[in-house]
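The values are calculated or read from the model by the stated rules, or taken from the named source; none is laboratory data. Keep in mind it's a predicted model, so treat the numbers as computed, not measured. Here Cβ is always computed from backbone atoms with ideal geometry, including for glycine, and neighbour counts include all displayed protein chains. We work out accessible area using only protein heavy atoms, side chains counted, and drop any ligands, DNA or RNA first. Shrake-Rupley method; radii C 1.70, N 1.55, O 1.52, S 1.80 Å.
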Amino acid sequence: MMEQAIEGSRDLWEGYLVHPFVKGAEEGTLTPKQFETYMVQDSIYLKEYARVFALAMYRAETLREMQLFYDVLSVVINDESFTRVKYLRRYGIDPDRVDEIAPLPENKAYTDFMLEMASRGLAEALMAVLPCMLSYLYIAKEVVKRSPDVLTQSPYGDWLADYASERYAEKCSRWAAFADQLCDGYSRERKEELAGIFRVSSQHEMRFWDMSYAAQ
C-alpha cells in the first residue's frame, strides 16, 4: 500500500527537493521572516496534526494500535516541540502565544482536510497524515546526502537534523509497516482511493512550502 501511495505522489516529492524553501534551508539563504512564518504556521499545524492522531487513537480497535498512535503523539508533542520552541524564541516569539495567531489559508485547508479524513476512518486518517511524516524523512535524508555539512553549516540545520535522525527514520518505518498491515487485503479500488488521499495531502504539503516561502 505505502509503495503504491508514495509512487503515486513521486512527482510531488521530487518537487519538494527543488522547492526554493527547501533549497533555501539547505543553503542557509532563507530570510528570517520566511523561516519564522514556517515555524509559527508549523506550530499551529502540529496542534491540529496531534488532534488527528488523538481522533485516530479513539477509533483504534486494539491496544497495540493505541500504543502506536500514542507513540507518534509523543514525538509531535515532545521531540518536535523542542526544536520549534528554540527557533520561536530565537525570533522573539513566546511559544505560549502561538495559539493566538490565526492559521494562514493554506495551513487551515490542510488541517481541515486531515481532520475530515480522520472522521471517516482509520485508514483514511493514516493516508492523510503519513505524507507529512514520511516526506520530511525523505527530504532530510536527500538534503543531507547532497549537502553533508548542512546540519552544521546551515542556520536551519537543527530543524533538518530532527528529520534526518535514525530515531525518526525508525518511527517512520514502523508507521509505514502499520499502514501496510492495516490495508493488507483491501481491494485494488480501495487502495487506489487511499492512494488518492495520500496524494491530496502531498499536494497540501507543497502548498505549505509555497506559503512559507512567500512570506514577506
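The residues of region 174-216 that are of a type in the set (Gly, Ala, Ser), surrounded by 14 or more Cβ atoms within 10 Å (Cβ to Cβ) and at pLDDT below 95, listed by number, are Ala176, Ala179, Ala215. Can you confirm whether Met39 is more than 19 Å from Pro131 (Cβ to Cβ), surrounded by fewer than 20 Cβ atoms within 10 Å (Cβ to Cβ) and touching a Leu at 6+ places or on another chain (Cβ under 8 Å)? So Met39 does not fit the description; no.
The residues in region 1-38 that are part of a helix (DSSP H, G or I) and touching a residue at least 12 places away in the same chain (Cβ under 8 Å) can be counted, and the count is 24. Condition check for Asp99 on (1) acidic (Asp, Glu); (2) open to solvent by 40 Å² or more (accessible area, probe 1.4 Å); (3) closer than 15 Å to Phe178 by Cβ: one failure, at (3). Gly121 meets the stated requirement of being within 15 Å of Phe53 (Cα to Cα), surrounded by fewer than 18 Cβ atoms within 10 Å (Cβ to Cβ) and small (Gly, Ala, Ser).
Considered as a group, the residues in region 135-144 that are open to solvent by 20 Å² or more (accessible area, probe 1.4 Å) and in contact (Cβ under 8 Å) with a residue 60 or more places away in the chain include one that is farthest from the chain's Cα centre (by Cα), and that residue is Glu142.
Annotation note: Cβ proximity below 7 Å between a residue of region 205-216 that is under 9 Å from Thr37 (Cα atoms) and a residue that is of a type in the set (Phe, Trp, Tyr) (sequence gap 6+ or interchain) occurs for Ser212/Phe21; Ser212/Tyr38; Tyr213/Phe21. If we keep just the residues of region 152-163 that are surrounded by 14 or more Cβ atoms within 10 Å (Cβ to Cβ) and over 19 Å from the mean Cα position of the chain (by Cα), which is farthest from Lys23 (Cα to Cα)? So the residue we want is Pro155. In region 13-36, the qualifying residues are those that are surrounded by fewer than 20 Cβ atoms within 10 Å (Cβ to Cβ) and aliphatic (A, V, I, L, M), and the one that is nearest to Ala179 (Cα to Cα) is Leu17.
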